[in-house]
Amino acid sequence: EAGVTQSPTHLIKTRGQQATLRCSPISGHTSVYWYQQALGLGLQFLLWYDEGEERNRGNFPPRFSGRQFPNYSSELNVNALELEDSALYLCASSQTDRSSWPGELFFGEGSRLTVL
Amino acid sequence: DAKTTQPTSMDCAEGRAANLPCNHSTISGNEYVYWYRQIHSQGPQYIIHGLKNNETNEMASLIITEDRKSSTLILPHATLRDTAVYYCIVRPLGSSGNTGKLIFGQGTTLQVKP
């Protein structure tokens, strides 16, 4: 069974540009989570999507946005890139079967964004 | 904010048991204790979770105190590949509000030495 897949693995952008990161959850999972991990820092919660809806958002500016598609894959968009946006962006998925809530999160290997 | 306190780092000899403590003194009755680990530059990996009973799986054991204010993750026979940052997280059950996300603290860096 395929795990959570993220693309691209690495992305280099310059200040002011936009970055788009993609995530495909494990088959059968309907929830997708995005986290940011800047160098030397912990994982910071960004966004949670479930059944196509944004369920919760972390303490990040509006230039961080995303969406979840009908097939449950997800995109994270970062507009007006700043140097401090350089980080590993991790996507995770989980089942949302209410009978087994809360299920564990399965993480992808991440997309490393470098802003120059 | 994370609701757990963990030591910043620990060492363990290869082949010995690694016991990683976690304090969660403000845990609520509807909150689970989760453990994840992150090997350098990889995505976090789920290890185990529990509510109030001790749990064991193929990776580890989780011992939760009777008052649920603290827990210990036990890796019975640590190997070099267990070197990682270990995160203890409390997470409420239920499907409402912001219960889906995990809030990661700084974790414990476990160094397994030969």
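The values are calculated or read from the model by the stated rules, or taken from the named source; none is laboratory data. Just so it is clear, the structure is predicted and the values come from calculations on it, not from any experiment. Every residue, glycine among them, receives a Cβ derived from its backbone with ideal geometry; neighbour counts consider all protein chains shown. Note: areas computed on protein heavy atoms with side chains; ligands, DNA, RNA excluded. Shrake-Rupley method; radii C 1.70, N 1.55, O 1.52, S 1.80 Å.
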* To do: Scan the strands (runs of 3 or more DSSP E) fully inside segment A:10-116 and keep the ones with 3 or more residues being over 25 Å from B:Y34 (Cα atoms).
  => A:10-13, A:19-24, A:64-68, A:74-78, A:111-115
* **Among (1) closer than 25 Å to B:D11 by Cβ; (2) within 14 Å of chain A (Cβ to nearest Cβ); (3) surrounded by 16 or more Cβ atoms within 10 Å (Cβ to Cβ) - the single one B:P92 does not satisfy** => (1)
* Asked: Restricting to segment A:51-67, what's the tally of residues that are open to solvent by less than 50 Å² (accessible area, probe 1.4 Å) and either at positive phi or of a type in the set (D, E) (or both)?
  -> 1
* To do: Could you run through segment B:33-62 and say how many residues are surrounded by fewer than 17 Cβ atoms within 10 Å (Cβ to Cβ) and either in contact (Cβ under 8 Å) with a residue 60 or more places away in the chain or part of a loop (DSSP other than H, G, I, E, B) (or both)?
  => 11
* If you check A:L116 against the conditions, is it touching a strand residue (DSSP E or B) at 6+ places or on another chain (Cβ under 9 Å), open to solvent by 20 Å² or more (accessible area, probe 1.4 Å), closer than 18 Å to A:K13 by Cβ and at pLDDT below 95? -> no
